[in-house]
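Undergrad: Following this message is one structure expressed as structure tokens.
The values are calculated or read from the model by the stated rules, or taken from the named source; none is laboratory data. None of the values given here were measured: they were computed from a predicted structure. As a convention, Cβ positions derive from the backbone with ideal geometry for all residues, glycine included, and neighbour counts pool all protein chains shown.
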Amino acid sequence: MKEKLAELREKALTQIGASEGLERLNDIRVAFLGKKGELTSMLKSLKDVAPEERPTVGQMVNEARAAIEEKLEERRRAFEKKFQEEKLKAETIDVTLPAKKPLIGHRHPNTIALEEVERIFVGMGYEVVEGPEVEYDYYNFEALNIPKNHPARDEQDTFYITDNIVLRTQTSSVQAHVMEHTKPPIRIIAPGRVFRSDEVDATHSPSFHQIEGLVIDKHITFSDLKGTLAEFAKELFGEDTKVKFRPHHFPFTEPSAEVDVSCFKCKGKGCRFCKGSGWIEILGCGMVHPKVLKMSGIDPEEYTGFAFGVGLERIALLKYEIDDMRLLYENDMRFLKQF
Amino acid sequence: MNTPLSWIKAYVPDLDCTAQEYTDAMTLTGTKVEGFERFDADLEKIVVGKVLKIERHPDADKLVICQVQVDADGRTIQIVTGAPNVKEGAVVPVVLDGGRVAGGHDGKVTPGGIKIKKGKLRGVESDGMMCSIEEMGRTREMYPDAPEEGLYIFSDNPAYDKLEIGSDAVEALGLHDVNFEYEITSNRVDCFGVLGIAREAAATFQKAFVPPVVTETGNREKASDYVSVEIEDTKLCSRYVGRVVKNIKIAPSPMWLQRRLAANGIRPINNIVDITNYVMEEYAQPMHAYDLDQLSGRKIVVRRAKDGEEFVTLDGQTRKVDSSMLMICDAEKAVGIAGIMGGENSKITDNVTTMLFEAACFDGTNIRLSSKKLGMRTDAAAKFEKGLDPNNAMTAINRACQLIEELGAGEVVGGAVDVYPEPKMEKRVKFDYKRTNAVLGIELEKSEMIRYFEKLNLNYDHETDEVIVPTWRQDVNEQCDLDEEVARFYGYDKIPTTLPTGEATTGKISFKMRIEQIARQIAEQFGFSEAQTYSFESPKVFEKLLLSQEDKQRQAVVISNPLGEDYSVMRTLPLGGMLTSLATNYNRRNKNVRLYELANIYLPKSLPLSELPDERTQFTLGFYGNGDFFDLKGVVEEFLEKAGITGLLTYEPKADKNFLHPGRQAQIRHNNDVIGYLGEVHPEVLGSYEIGERAYIAVLDMPQIVEKAGFDIKYTGIAKYPAMSRDISMVMDKGILAGQVEQVIRKNGGRYLEHFELFDIYEGAQIAEGKKSMAYSVSFRASDKTLSDAEVNSAVEKILKGLAELGIELRS
């Protein structure tokens, strides 16, 4: 019996070693360890063995079983590993095939530029506010020290609805609204649509956007205005951007300035972009005129302030090198998808 | 405003700078130089030459061979020319071999100029070129001494009698000069004259300012014996100065005067007209000359026109004037429209012997309105409308008379008739130098500030700390104006850069803007790109959108002075722009276009407008190409969900939108409020916009959405107990809407109803005619226990009962 057992064990291990595939392995398991398997039958015939030999033979049977099972397991793992490797190999893909892109929309360049500006000023503690686009003459002009028949009204080519209601020509119209109901310190920017009766061409549009900025507090100085706008220009156009303030005139600020930034294309050397000057005009600004403060109920003896106005389209056109303003309002997908 | 450097130097003799230096420095003190043109930029090696001998060209009828002397020593060169006016003895500009001229004789200016080289013309050697005024880069219009055609001939002009052969012809024509173009701001009326700019230049470069010395002029007679002046409307005419000139000799002006006018872009005409224009340029004071013999009663009356009056101006045009306009009249009739243009009946002709010179000061606003009404933007009106300094009028007219005497243009009658009821006085403006320092953020000595003022003829009263402001500086009225004077001469560039200190403020955007950001994000996630369209549009949009005549959306805010009908009404609905943009894309063959816009519509509260209209931001989505109604509905729902809008969302199939497909439109309701609509665009509307495929639009009213939106999210826990789900498959009339079924499920589903979802809809072979089948999966869940079959069955029963009331049966 012992010899038979050893022989059986040897036979099983050999068969396992020579087996190919998981199915064959299972057959071997059934043939030896199954209910009717050879080793199982041998265990059943243990009762024919002399009682004193039974423990030894029994142990031998168990050992043989353990050895077969171990070998089966080992073989199974090897098969699985091989199978996995083959499967992975078969699944190889061409990673250079085109990507499947989700259809995602594009934001308008005006909005991208606006969000950039808003980010900069919100970071400096400014609140973003809005005002009406159809506006009383008072807020668009009079409260800004532009009385009726002031020549500045002609310069702005105003669209009138009635004698005292206009399409606002500038977001400066938001200034008085804010000052009337806010106690300083005031730090706001007011973006929005403005309207002037300019015929449509590559550089003009009867409807465009501005961003007004207003800061009112005790001890606000012209140097604060310079510092603020220099920061803004650097954030918007790059760290090495230089800023130049030139005297100018606006009825609602005094002193007033126009601001040029060093051309970010040629770095100030002069190119076609900046018409050879090395500078690009980007905004108008100044110290809020005391009359303007007074009209909106703020004491000019106690408070000073500065204001600035930026053309949003101007920034978008410059930043993205768009050569025709009309593109901004045509909404051609081939244009929009570049942003 | 243009002015050559030479003219500025006439009043700032020590000025010594390059054109670029001048440009930069003037711009930084506030007189912005937009650009400059060097008259001699493209003129090289051009000398004064003399044609000694002319011979015929052997092989060309239109060409001649000239021997031209080109230096004082008698050196001659041979030049072949086709100029029709060439003649022996003519002294002309000659460009030598290797030189350059500015353009062709046809007047076309060539950037960079044209190089002139020795060569052969029809086989004959030609060593240079004789020049026309165009080749010198100028125009015949501004150089009336040039002949109609051909070469510029110095020797035809007695002013050039002393010209030396071989000398610089560019110099002779006054072209070694730079012309500056300025942008003068409207507050600096004084700088609309050369003297004002020269004063600024002197202050900028710290050089002496030497204005012309206006001497006394006139004979022993008195102007008041010749003419009397009466102002009826002293509000519109604050001063009227008249002087008289007799024995007028009309002639061309001297070259220096002609050249200065030409540089400023003014065509020289004759001595009298030129003097008037010259003084207008110099002093920014327009003047007018009347033929005194044509003035009846030898009287001037300044009064308003009569309504309906007609008047013929000196250009021969008949103008309709009205009582808002000021006229210059004689004893009987109008002779000029004040400050705009004189009349034909009194204009100076070549036969004039005695004239009245007028220098007046009219109300700027009135002139501006009148010139606008008349459509006459004359040079005089452009100056008057800025609001001139009345004290300037007398100086200017005296300067003009001085030039008349100097030029021998006539005999000036002594004295002036001056009607000036309320003389304008110098202002005194209190000055606080500490405040200037505080506002500018600098620390500058008071004495230095005063030095700046004095350079500008703003004198300082040390006793009262007041600045004495001359009347020509009408822009200086208060402390802040003085701050500006200090700032610009201290240098904007020298003011330090600091950041505001003081109480911190919170940077933020409004809640409305946050909701708009969500709208953008969602739209873009679903492939919609952002469009921007105009706020105004054509009223024809209402027709294109098939709005009924009674439709409230036809009640639009109308622009009284639009750019044209296409931009004449403020939009009351956002579709015109959206459909136009889709059409543009369709027309350009862009496929699968999805756009959105966030912009206002303008709804009047009453018409005509007495208060501001209601401006409502609309979130508009539109697309054509892949997708359908339900894709768009999904975007709408996704947005509302992300905006934190909970509660019942329903869709009513009839939205009453004529511009949408009648069977594919829905009103969107949240709880009970209509918050928008969506649908497929009506084929007729698609046709009007020329969009060749189905398109869909959705419009959401943002003010309501902002009101309903919120970021108040509360975590409700993850369910611990299993959900029980039942599929309900039913048959119903075709006309029953999914919304009706869902309303029943929602209403009758009981408190354990968690979720339901349509998973099948079918019409066809296995279903009776006129019926359809729908299958819903309905799931129930309790948060505190596992539901029993009995509990679920009872809820399903209730749902089925409710459905049965609509005639809906279970599908067997």
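Undergrad: Can you confirm whether the range A:205-217 contains a residue that is in the same structural domain as residue A:135 (by TED's automatic domain parsing), in contact with a Lys or Arg (Cβ under 7 Å, 6 or more places away or on another chain) and over 21 Å from residue A:128 (Cβ atoms)? Show your work before the answer.
TA: Kept after step one, since they are in the same structural domain as residue A:135 (by TED's automatic domain parsing), are these residues of the range A:205-217: A:205-217.
Then keep just the ones that are in contact with a Lys or Arg (Cβ under 7 Å, 6 or more places away or on another chain); that gives A:206-207, A:209, A:215.
Retained after the next criterion (residues that are over 21 Å from residue A:128 (Cβ atoms)): A:206.
Yes, the range A:205-217 has at least one match.
Undergrad: Mind listing whichever residues of the range A:232-243 are within 13 Å of residue A:259 (Cα to Cα) and either buried (at least 18 other Cβ atoms within 10 Å of the Cβ) or of a type in the set (S, T, N, Q) (or both)?
TA: If the condition is that a residue be within 13 Å of residue A:259 (Cα to Cα) and either buried (at least 18 other Cβ atoms within 10 Å of the Cβ) or of a type in the set (S, T, N, Q) (or both), then A:232, A:233, A:241, A:243 are the ones that fit.
Undergrad: Only one of B:315, B:274, B:233, B:293 is charged (D, E, K, R), part of a loop (DSSP other than H, G, I, E, B) and within 22 Å of residue B:352 (Cα to Cα); which? Full working, then the answer.
TA: Values: B:274 fails: part of a loop (DSSP other than H, G, I, E, B); B:233 fails: within 22 Å of residue B:352 (Cα to Cα); B:293 fails: part of a loop (DSSP other than H, G, I, E, B).
Matching residue, one of B:315, B:274, B:233, B:293: B:315.
Undergrad: Among the residues of the range B:52-87, write down those that are acidic (Asp, Glu) and over 19 Å from residue B:124 (Cα atoms). Explain how you work it out, then say what you get.
TA: From the range B:52-87, those acidic (Asp, Glu) are B:55, B:59, B:61, B:71, B:73; that's our starting set.
Passing the criteria: B:71, B:73.
Undergrad: Residues that are buried (at least 24 other Cβ atoms within 10 Å of the Cβ) and either among the aliphatic types (A, V, I, L, M) or on the phi < 0 side of the Ramachandran plot (or both), at least 3 per element: which helices (runs of 4 or more DSSP H) completely within the range A:122-231 meet that?
TA: On the way: elements: A:137-140, A:151-155, A:173-181.
In the range A:122-231, the matching helices (runs of 4 or more DSSP H) lie at A:173-181.
Undergrad: Counting residues that are within 23 Å of residue B:253 (Cβ to Cβ) and within 14 Å of chain A (Cβ to nearest Cβ), which helices (runs of 4 or more DSSP H) fully inside the range B:342-443 reach at least 2?
TA: Values: elements: B:364-374, B:379-384, B:390-407, B:433-440.
Per the criteria, B:379-384.
Undergrad: Let me ask something else about it. Across the range B:533-582, which residue is nearest to residue B:688 (Cα to Cα) among those that are among the hydroxyl-bearing types (Ser, Thr, Tyr) and not in a loop (DSSP other than H, G, I, E, B)?
TA: Let us first name the residues in the range B:533-582 that are among the hydroxyl-bearing types (Ser, Thr, Tyr), namely B:533-535, B:538, B:548, B:560, B:567-568, B:572, B:580-581.
Now narrow it down to the ones that are not in a loop (DSSP other than H, G, I, E, B): B:567, B:580-581.
Numbers: B:567: 18, B:580: 10, B:581: 13 Å.
Applying the filter and picking the extreme gives B:580.
Undergrad: All but one of (1) touching a residue at least 24 places away in the same chain (Cβ under 8 Å); (2) in contact with a Ser or Thr (Cβ under 9 Å, 6 or more places away or on another chain) hold for residue A:148; state the number of the condition that does not hold.
TA: Of everything listed in (1) touching a residue at least 24 places away in the same chain (Cβ under 8 Å); (2) in contact with a Ser or Thr (Cβ under 9 Å, 6 or more places away or on another chain), residue A:148 misses just condition (1).
Undergrad: May I pose another question? Using the structure shown, decide if residue A:98 is assigned to a loop (DSSP other than H, G, I, E, B) and in the same structural domain as residue A:326 (by TED's automatic domain parsing). Please lay out each step first, then the result.
TA: Details: assigned to a loop (DSSP other than H, G, I, E, B): yes; in the same structural domain as residue A:326 (by TED's automatic domain parsing): no.
So residue A:98 fails the test.
Undergrad: Determine which single condition residue B:20 fails, assuming it passes every other condition in (1) at pLDDT below 95; (2) assigned by TED's automatic domain parsing to the domain that holds residue B:134; (3) of a type in the set (S, T, N, Q).
TA: With respect to (1) at pLDDT below 95; (2) assigned by TED's automatic domain parsing to the domain that holds residue B:134; (3) of a type in the set (S, T, N, Q), residue B:20 is out only on (2).
Undergrad: Now, a different point. Have a look at B:33, B:68, B:92, B:101 and point out the one that is touching a helix residue (DSSP H, G or I) at 6+ places or on another chain (Cβ under 7 Å), crowded, with 21+ Cβ neighbours inside 10 Å and of a type in the set (Val, Ile, Thr). Full working, then the answer.
TA: Values: B:33 fails: crowded, with 21+ Cβ neighbours inside 10 Å; B:68 fails: touching a helix residue (DSSP H, G or I) at 6+ places or on another chain (Cβ under 7 Å); B:101 fails: touching a helix residue (DSSP H, G or I) at 6+ places or on another chain (Cβ under 7 Å).
Within the list B:33, B:68, B:92, B:101, the selection yields B:92.
Undergrad: Out of B:736, B:728, B:718, B:697, I need the residue that is β-branched (Val, Ile, Thr) and closer than 30 Å to residue B:589 by Cβ. Which one? Spell out the reasoning first.
TA: Numbers: B:736 fails: closer than 30 Å to residue B:589 by Cβ; B:728 fails: closer than 30 Å to residue B:589 by Cβ; B:718 fails: closer than 30 Å to residue B:589 by Cβ.
From the options B:736, B:728, B:718, B:697, the qualifying one is B:697.
Undergrad: Could you pull out the residue among A:76, A:153, A:107 that is in contact (Cβ under 8 Å) with a residue 12 or more places away in the chain and away from chain B (no Cβ under 14 Å)?
TA: Details: A:153 fails: away from chain B (no Cβ under 14 Å); A:107 fails: away from chain B (no Cβ under 14 Å).
Every option except A:76 fails the conditions.
Undergrad: Could you tell me whether residue B:777 is assigned to a strand (DSSP E or B) and touching a strand residue (DSSP E or B) at 6+ places or on another chain (Cβ under 9 Å)? First the steps, then the outcome.
TA: Numbers: assigned to a strand (DSSP E or B): yes; touching a strand residue (DSSP E or B) at 6+ places or on another chain (Cβ under 9 Å): yes.
Yes, satisfied.
Undergrad: Exactly one condition in (1) exposed (fewer than 15 other Cβ atoms within 10 Å of the Cβ); (2) within 28 Å of residue B:785 (Cβ to Cβ); (3) in the same structural domain as residue B:778 (by TED's automatic domain parsing) is false for residue B:744; which is it?
TA: Tallying (1) exposed (fewer than 15 other Cβ atoms within 10 Å of the Cβ); (2) within 28 Å of residue B:785 (Cβ to Cβ); (3) in the same structural domain as residue B:778 (by TED's automatic domain parsing), residue B:744 fails exactly one: (1).
Undergrad: Which of the residues that make up the range A:263-298 are away from chain B (no Cβ under 13 Å), assigned to a strand (DSSP E or B) and under 23 Å from residue B:496 (Cβ atoms)?
TA: Once the filter is applied, which keeps residues that are away from chain B (no Cβ under 13 Å), assigned to a strand (DSSP E or B) and under 23 Å from residue B:496 (Cβ atoms), the range A:263-298 yields A:282, A:283.
Undergrad: Tell me, please, whether a residue that is of a type outside the set (Ser, Thr, Tyr), within 10 Å of chain A (Cβ to nearest Cβ), farther than 30 Å from residue B:217 by Cβ and not in a loop (DSSP other than H, G, I, E, B) can be found in the range B:452-462. Don't jump to the end; show me each part of the working.
TA: Restricting attention to the range B:452-462, the residues satisfying the condition of being of a type outside the set (Ser, Thr, Tyr) are B:453-459, B:461-462.
Retained after the next criterion (residues that are within 10 Å of chain A (Cβ to nearest Cβ)): none.
Checking the range B:452-462: not a single residue is of a type outside the set (Ser, Thr, Tyr), within 10 Å of chain A (Cβ to nearest Cβ), farther than 30 Å from residue B:217 by Cβ and not in a loop (DSSP other than H, G, I, E, B).
Undergrad: Being more than 21 Å from residue B:60 (Cβ to Cβ), surrounded by 15 or more Cβ atoms within 10 Å (Cβ to Cβ) and aliphatic (A, V, I, L, M): is that true of residue B:136 here?
TA: On the way: more than 21 Å from residue B:60 (Cβ to Cβ): yes; surrounded by 15 or more Cβ atoms within 10 Å (Cβ to Cβ): yes; aliphatic (A, V, I, L, M): yes.
Against the criterion (more than 21 Å from residue B:60 (Cβ to Cβ), surrounded by 15 or more Cβ atoms within 10 Å (Cβ to Cβ) and aliphatic (A, V, I, L, M)), residue B:136 qualifies.
Undergrad: Give me the residue from the range B:529-565 that is over 26 Å from residue B:655 (Cα atoms) and exposed (fewer than 15 other Cβ atoms within 10 Å of the Cβ) and, out of that set, farthest from the other protein chains (Cβ to nearest Cβ).
TA: It comes out as B:565.
Undergrad: Which residue out of B:692, B:679 is touching a Leu at 6+ places or on another chain (Cβ under 8 Å), within 23 Å of residue B:556 (Cβ to Cβ) and either more than 14 Å from chain A (Cβ to nearest Cβ) or surrounded by fewer than 23 Cβ atoms within 10 Å (Cβ to Cβ) (or both)?
TA: Working: B:692 fails: within 23 Å of residue B:556 (Cβ to Cβ).
The match here is B:679.
Undergrad: Any idea how many residues of the range B:705-741 are surrounded by 12 or more Cβ atoms within 10 Å (Cβ to Cβ) and within 30 Å of residue B:512 (Cβ to Cβ)?
TA: 6
Undergrad: Within the range B:574-603, can you find the residues that are farther than 11 Å from residue B:695 by Cα, of a type in the set (Gly, Ala, Ser) and in contact (Cβ under 8 Å) with a residue 60 or more places away in the chain?
TA: B:599
Undergrad: Select from the range B:494-525 the residues that are within 7 Å of chain A (Cβ to nearest Cβ), surrounded by 14 or more Cβ atoms within 10 Å (Cβ to Cβ) and within 25 Å of residue B:708 (Cβ to Cβ) and list them in ascending order. Give the derivation first.
TA: Taking the range B:494-525 and keeping what is within 7 Å of chain A (Cβ to nearest Cβ), we get B:495-500, B:502-510, B:513, B:520, B:523-525.
Subset that is surrounded by 14 or more Cβ atoms within 10 Å (Cβ to Cβ): B:495-498, B:500, B:502, B:505, B:507-509, B:513, B:520, B:523-525.
Residues satisfying the conditions are B:508, B:509, B:513, B:520, B:523, B:524, B:525.
Undergrad: Return yes or no: is residue A:193 over 25 Å from residue B:369 (Cα atoms) and charged (D, E, K, R)?
TA: Numbers: over 25 Å from residue B:369 (Cα atoms): yes; charged (D, E, K, R): yes.
Criteria met by residue A:193.
Undergrad: Taking the criterion of being at the interface with chain B (Cβ under 10 Å from one of its Cβ atoms) and touching a Phe, Trp or Tyr at 6+ places or on another chain (Cβ under 6 Å), would at least one residue in the range A:193-204 satisfy it?
TA: Within the range A:193-204, one or more residues are at the interface with chain B (Cβ under 10 Å from one of its Cβ atoms) and touching a Phe, Trp or Tyr at 6+ places or on another chain (Cβ under 6 Å).
Undergrad: Filter the range B:51-108 down to the residues that are of a type in the set (S, T, N, Q) and in a strand (DSSP E or B) and list them by number.
TA: As a first pass, look at the range B:51-108 and keep what is of a type in the set (S, T, N, Q): B:67, B:69, B:76, B:78, B:81, B:85.
If the condition is that a residue be of a type in the set (S, T, N, Q) and in a strand (DSSP E or B), then B:67, B:69, B:76, B:78, B:81 are the ones that fit.
Undergrad: What number of residues within the range A:300-321 satisfy the criterion of being charged (D, E, K, R) and within 14 Å of chain B (Cβ to nearest Cβ)? Please lay out each step first, then the result.
TA: First, the residues of the range A:300-321 that are charged (D, E, K, R): A:301-302, A:313-314, A:319, A:321.
Add one more test, that the residue is within 14 Å of chain B (Cβ to nearest Cβ), and what stays is A:301-302, A:313.
Looking only at that region, the number is 3.
Undergrad: Run residue B:447 past the list (1) more than 14 Å from chain A (Cβ to nearest Cβ); (2) assigned to a loop (DSSP other than H, G, I, E, B); (3) of a type in the set (S, T, N, Q) and report the number of the one that doesn't hold.
TA: (2)
Undergrad: Conditions first: (1) more than 36 Å from the chain's Cα centre (by Cα); (2) under 29 Å from residue A:220 (Cα atoms); (3) in contact (Cβ under 8 Å) with a residue 60 or more places away in the chain. Residue B:474 passes all but one, so which condition is the exception?
TA: (1)
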